[in-house]
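J.: Can you read through this structure? Questions will come right after.
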Amino acid sequence: MKITMIGSGYVGLVSGACFADFGHDVICVDKDEGKIDRLNANVMPIYEPGLEALVKSNADAGRLRFSTDIARSVANADAVFIAVGTPSRRGDGHADLSYVYAAAQEIGESVASCTVIVTKSTVPVGSGDEVERIIREVRPDIDFAVVSNPEFLREGAAIGDFKRPDRIVVGTDVDWARDVMQRVYRPLFLNESPIVFTSRRSAELIKYAANAFLATKITFINEMADLCEKLGADVQDVSRGIGLDNRIGPKFLHAGPGYGGSCFPKDTLALLKTAQDNDTPVRIVEAVVQANDLRKRAMGRRIVNALGGDGRGRKVALFGLTFKPNTDDMRDAPSIAIVQALLDSGAVVEAHDPEGMAEAALIMPNVAMVDNPYRAAEGADAVVIVTEWDAYRALDLKKLKAAMRGDVLADLRNIYRVDDCTKAGFNYLSIGR
Ligand code: NAD
């Protein structure tokens, strides 16, 4: 099948490369010329394990191409996917749909009859209706269908998630569009990946409901961690004890500094705005958003308190800046709020991250990026593990301690054992233990 992907960011590029790997003929389009030039030279715009090899092998096989020309790329496609960004709108937190609607307008100008237009971007319920209206206005003459197909891949594990999804959600009431989507996902269909066919509105809501639920699970265990600290319990045991219950499940029960990233913060906010607009407030999600915001800032204060309540004249080394390991994505990373709190207290901050330092340097101009964690720790009063990259899982604790001036090790991901850190001479802080 001929597939065109509008937007070659995280989702568009990974989906496009995976569709090409399924054997489809794919064009990934982006309006960012520099990005397309780099992709044509096999230089990846993001760090994602396995992506470079996947793109190269499919481009070499002639199944994957990159272009800035929407009109030509759309004209012959069987399916056109919209995978542009839907960030939070400044001021009110609603999803900003301007990129989606601009893409719909451009698609409308060159799309041929019997094409399926698929919204893969995360969009509020009813956006598919508006995409359809925009295209219909430009092209009253043709037959087309607008389908919702939200994406659930996780950054850092994106290719595996795309090729072995827990489920595929397809929202449409149009029979021929459903057949096209079945052919698009045929390899996964044969793999017996569950496909949920539903209405377009239900598909749109499924994505927000899934992210809000996961954000709730994280926030729940974070609050249990705070309670553990007060009550002398251990949140890791509590997580295990509840996670072994099949009705609850073990995933997303790791206490930490609060969720961040390119999806949960903006999607939870957009869901609660949609709910408020429809006079059906989702109070659980409202509480989650508020608790998570407060938590990220509280993490910074926790570190300042461990330094005696004043950061002036102190140096803090941060390990891990990206919102999770195996990505260079810095969007809404908890490290941003932590760095701000530390700088506000007067502390000097140096940081290391295996892949995220270039991105981070753009938004943290007052933080020195250091290419080795032990060097970042030199003369530091505190080391803070913010993101659980594998590179920090087996640090030489004695060497680390010897490099430092002070003794605070704040492990916001609970990757070390309390005993080991105490033995190495650290004043060890972790979460909920
Ligand atoms: P991104 O910012 O990485 O990429 C979006 C790309 O679209 C950019 O390269 C931009 O230049 C391009 N673009 C914007 N308007 C365009 C236009 N009119 N024509 C051509 N290109 C255009 O965004 P992303 O992280 O890939 O997210 C895309 C959507 O997928 C969002 O709605 C997001 O919520 C959703 N999503 C993201 C993830 C994730 O992990 N990143 C997971 C699931 C769903």
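J.: Under 14 Å from the Cβ of ALA424, count the other residues' Cβ atoms, weight Lys and Arg +1, Asp and Glu -1, and hand me the total.
T.: Its environment carries a net charge of 0.
J.: Hey, another quick one. Relative contact order (percent) for the chain, with alpha-carbon contacts under 8 angstrom and 6 or more residues of separation?
T.: Rounded, it is 12 percent for the chain.
J.: Taking the alpha-carbon centroid of each part, what is the distance from the stretch 286-304 to the stretch 1-33 in angstrom?
T.: 37
J.: Moving on. Do the alpha carbons of any pairs in LYS56/LYS163; LYS35/LYS56; LYS163/LYS324; LYS120/LYS251; LYS217/LYS296 sit beyond 19 Å of each other, and which pairs?
T.: LYS163/LYS324; LYS120/LYS251
J.: For the peptides 177-186, 145-154, what is the packing order when you average, over each peptide's residues, the other Cβ atoms within 10 Å and list the highest mean first?
T.: Values: 177-186: 18.0, 145-154: 22.1.
Top of the packing list down: 145-154, 177-186.
J.: For LEU188, LEU321, which order do you get if you count the other beta carbons within 10 Å of each Cβ and list the fewest first? Each step should come with its number before you reach the end.
T.: Values: LEU188 20, LEU321 30.
Result, fewest neighbours first: LEU188, LEU321.
J.: Answer with one residue from TYR208, ASN246, THR219: the one whose Cα lies farthest towards the positive end of the charge dipole of the stretch 204-246, charges on Cβ with Lys, Arg +1 and Asp, Glu -1.
T.: TYR208
J.: State the antiparallel share, in %, of DSSP beta bridges confined to the chain, rounding to the nearest 5.
T.: 5
J.: Under a point-charge model restricted to the Cβ atoms of Lys and Arg (+1) and Asp and Glu (-1), what is the dipole moment magnitude of the chain relative to its Cα centre, in debye to the nearest 20?
T.: So the magnitude is around 960 debye.
J.: Going by amide H atoms built from the backbone, whose H comes under 5 Å of the H on ARG89, apart from near neighbours?
T.: HIS94, ALA95, ASP96
J.: Using Cβ contacts closer than 10 Å as the measure, can you line up CYS114, CYS18, CYS421 from fewest to most?
T.: CYS114, CYS421, CYS18
J.: Next question. How do the peptides 31-38, 206-213 rank, highest first, by the average count of neighbouring beta carbon atoms within 10 Å per residue?
T.: Result, highest mean Cβ count within 10 Å first: 206-213, 31-38.
J.: With angles folded into 0 to 90 degrees, how steeply does helix 334-344 sit against the dominant principal axis of the chain? Use alpha carbons for both and round to 10.
T.: On a 0 to 90 degree scale, this one is about 40.
J.: Contour minus end-to-end for VAL196 and LYS31, with contour as 0.36 nm per residue of separation and end-to-end as the Cα-Cα distance?
T.: That pair, VAL196 and LYS31, stretches by 56.2 nm at full extension.
J.: Rounded to the nearest 500 deg cm²/dmol, what is the calculated helix-only ellipticity per residue at 222 nm for the chain, with -39500 (n - 2.57) per DSSP H run of length n ≥ 4?
T.: -14000 deg cm²/dmol
J.: From the backbone phi of the stretch 131-145, what are the Karplus-calculated ³J(HN,Hα) couplings (6.51 cos²θ - 1.76 cosθ + 1.60, θ = phi - 60°) in whole Hz, Gly and Pro given as x?
T.: Once rounded to whole Hz, the list reads 4, 4, 5, 4, 5, 4, 5, 6, 10, x, 7, 10, 9, 8, 9.
J.: Quick one: which of 3-12, 273-282, 66-75 comes out on top by average Cβ neighbours within 10 Å, and what's the full order, highest first?
T.: In decreasing order of mean packing, 3-12, 273-282, 66-75 become 3-12, 66-75, 273-282.
J.: Please compute the Cα-Cα pair-distance distribution of the chain with 20 Å bins starting at 0, giving whole percents from short to long.
T.: Histogramming the chain at 20 Å steps yields 24, 52, 22, 1 percent.
J.: Any chance you could get the radius of gyration and Dmax over the Cα atoms of the stretch 18-156, in Å?
T.: Reported Rg and Dmax, both Å: 15.6, 46.
J.: Okay, next question. May I ask you to list the aspartates and glutamates whose Cα is less than 14 Å away from that of LYS266, ignoring any residue fewer than eight positions away on the same chain?
T.: Of all the aspartates and glutamates, those that pass the test against LYS266 - Cα under 14 Å, at least 8 places apart if same chain - are ASP92, ASP96, GLU286, ASP293, ASP332.
J.: In a shell of Cβ-Cβ distance under 14 Å around ALA337, excluding ALA337 itself, what net charge do Lys and Arg (+1) and Asp and Glu (-1) give?
T.: So the surrounding residues net to +3.
J.: A further question on this structure: Place a +1 charge on the Cβ of each Lys and Arg in the stretch 290-429 and a -1 charge on the Cβ of each Asp and Glu, then give the dipole magnitude about the Cα centre in debye, rounded to the nearest 20. Don't jump to the answer; show the numbers that get you there.
T.: On the way: 19 positive and 20 negative charges, 105 e Å.
Its charge dipole is roughly 500 debye.
J.: Given H placed on each backbone N at 1.01 Å, which residues far from VAL118 in sequence or on other chains put an amide H within less than 5 Å of it?
T.: The answer is VAL80, PHE81, ILE82, VAL147.
Rule-based calculations on the coordinates, nothing more; no lab input. What you see is a predicted model; the values in this text were computed from it and never measured. Positions of Cβ are backbone-derived with ideal geometry, glycine not excepted, and every protein chain shown enters the neighbour counts.
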